Every structure is written in structure tokens, then in C-alpha cells.
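Let me begin by presenting the structure, written as C-alpha cells, before commenting on it.
The values are calculated or read from the model by the stated rules, or taken from the named source; none is laboratory data. Note that the structure is predicted; figures quoted are calculated from it, not measured. Cβ: placed from backbone, ideal geometry, glycine included. Neighbour counts: every protein chain shown. Please note that ligands, DNA and RNA were not included when accessible areas were found on the heavy atoms of the full protein model with its side chains. Shrake-Rupley method; radii C 1.70, N 1.55, O 1.52, S 1.80 Å.
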Amino acid sequence: MPATVRVLLFARYAELLGTDLLELPVAAGTTVGDIVASLRTRPGGDTLPSQLLCAVNLRQAKLTDSVKPGDEVALLPPLAGG
Amino acid sequence: MKYLSHSALDGTAIADRVRADERGALVMFTGYVRNHHGGRGVVRLEYSAYEAMADAECGRIVREGEARWPVSIALEHRLGAVAVGEVAVIVVVGGGHRGEAFEACRWVIEEVKRSVPVWKREFYTDGTTAWVDPTAGA
């Protein structure tokens, strides 16, 4: 199995990056912050805000949290439910 | 998906879930799509969600609410296009007494807005559209 994580993008962030799903490679020690930094280098990624909400495997996560192959990472624009 | 619906919410059916003869109080919050936001006329909203996480968060809110107050909680949120005057979210709480029912209902809707990954795109009367960002000033 390739060492990747699924990255889900939603709402405004999916529009900025032009996709709602990416597979990104991970290595030992890769963090959520590393994933976000990698997204910033993609077309449209430079307009992602400096502070953003992330989730790993359906739970809110910090940028310093590590990720492992098979994890599902999500970038969440400001929540607007209710 | 237990807490999310792509079709019109049935308030009566949702309220029935928390009705019981030992519960003398039923408090219901109904969130409708409003026809204005930030001084602009709104025609409709389109809701989207990180559905798996939204469902998990709604479940967490219900369990936590039912642990904090002696109540039964029902909660549903619409997804997809919702026109002005239509219902976007319903929270119903049944409790023995009004105190806990009112408190729990308020807490649930505030938690939904704080932590459930749902987004809404507004469509305005002038033909433009924008994502709603509650963190942006006014």
C-alpha cells in the first residue's frame, strides 16, 4: 500500500484548490502542518488562510499532530452550520 | 446519516422522538433560512458538509447533552438547497421540567454552530453568491 493520506477539501477551500480530494505522500514524522504546507504550494493554495481548522480521521486536529498512511485529513473552512 | 437530511425536515416526527409521558416539557428550536444577511437580500442557501464528521459530531453533541441534563434530544440538519422560509435545522429536547429542557436546547444549537462541519453558500437577490464566514467581521 502506498504511503499516502487522503486529503479532503470543502467549500471555499475546494474552490481555491480546484479539487475536493487529493492523495498526498507521507513519511515517518509527517504532521498535519506539513500536509497544509504542501497544499499551499499548489495552484490556488497560496490563498489559504494562515490559520485554519483541520481534522484527522473525523476529529479536529492540531497542525503539530502527526499523520500516518491511510489517515483521512480534512481542511475545514470556518464552520457555518445551524 | 442519522442527523443530516437532503430532504425537507419533518418537525412533528422529530419532536415525537423525544415525547414521553414522563417528560412534561418539550422545547424546540427551528432554524429557518432568513431573507437577509449583512444588509443583502437572500434567495436561498446551499448547505454542504463533511458528512461523516458532521454526523459523528451531532452524535457527540446529543450524547453529551443527554449526559449533562436529564433530557432526550433530537437533532436534524438540512443539506442541499434550502429556500427562504424553509427549515434548515431542528433541535428538540424533551425533559421532565422546563429548566433543563430550555438549557439543553440552547446548548445543543450553540454546539452545532460551534463544532459541526457544515458550510453554507448564500444566493442573493442581486444574483451574486458567497460562502458564509461567521468569523469575518459582521
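Confirm whether B:Glu76 is outside any helix (DSSP H, G or I), under 25 Å from A:Leu58 (Cα atoms), touching a residue at least 60 places away in the same chain (Cβ under 8 Å) and open to solvent by 40 Å² or more (accessible area, probe 1.4 Å). Steps first, please.
Values: outside any helix (DSSP H, G or I): yes; under 25 Å from A:Leu58 (Cα atoms): yes; touching a residue at least 60 places away in the same chain (Cβ under 8 Å): yes; open to solvent by 40 Å² or more (accessible area, probe 1.4 Å): no.
Spelling it out, it is not the case that B:Glu76 is outside any helix (DSSP H, G or I), under 25 Å from A:Leu58 (Cα atoms), touching a residue at least 60 places away in the same chain (Cβ under 8 Å) and open to solvent by 40 Å² or more (accessible area, probe 1.4 Å).
Restricting to region B:116-138, what's the tally of residues that are more than 12 Å from the chain's Cα centre (by Cα) and either more than 12 Å from chain A (Cβ to nearest Cβ) or not in a loop (DSSP other than H, G, I, E, B) (or both)?
Total satisfying the criteria: 15.
In region A:56-77, how many residues are open to solvent by 20 Å² or more (accessible area, probe 1.4 Å), closer than 13 Å to B:Pro117 by Cβ and assigned to a loop (DSSP other than H, G, I, E, B)?
Total meeting the criteria: 1.
Restricting attention to region B:33-57, report how many residues are in a strand (DSSP E or B) and away from every other protein chain (no Cβ under 12 Å). It would help to see each step written out before you state the result.
So the first thing to find is which residues in region B:33-57 are in a strand (DSSP E or B), and the list is B:36-37, B:40-49.
Restricting the remaining residues to those that are away from every other protein chain (no Cβ under 12 Å) gives B:36, B:40-44.
Within region B:33-57, residues that are in a strand (DSSP E or B) and away from every other protein chain (no Cβ under 12 Å) number 6.
Within region B:97-106, can one find any residue that is assigned to a strand (DSSP E or B) and either open to solvent by 10 Å² or more (accessible area, probe 1.4 Å) or of a type in the set (Val, Ile, Thr) (or both)? First the steps, then the outcome.
First, pick out the residues of region B:97-106 that are assigned to a strand (DSSP E or B): none.
No, because not a single residue in region B:97-106 is assigned to a strand (DSSP E or B) and either open to solvent by 10 Å² or more (accessible area, probe 1.4 Å) or of a type in the set (Val, Ile, Thr) (or both).
Kindly list the number of the only condition in (1) open to solvent by 50 Å² or more (accessible area, probe 1.4 Å); (2) among the aliphatic types (A, V, I, L, M); (3) within 13 Å of chain B (Cβ to nearest Cβ) that fails for A:Ala80.
(1)
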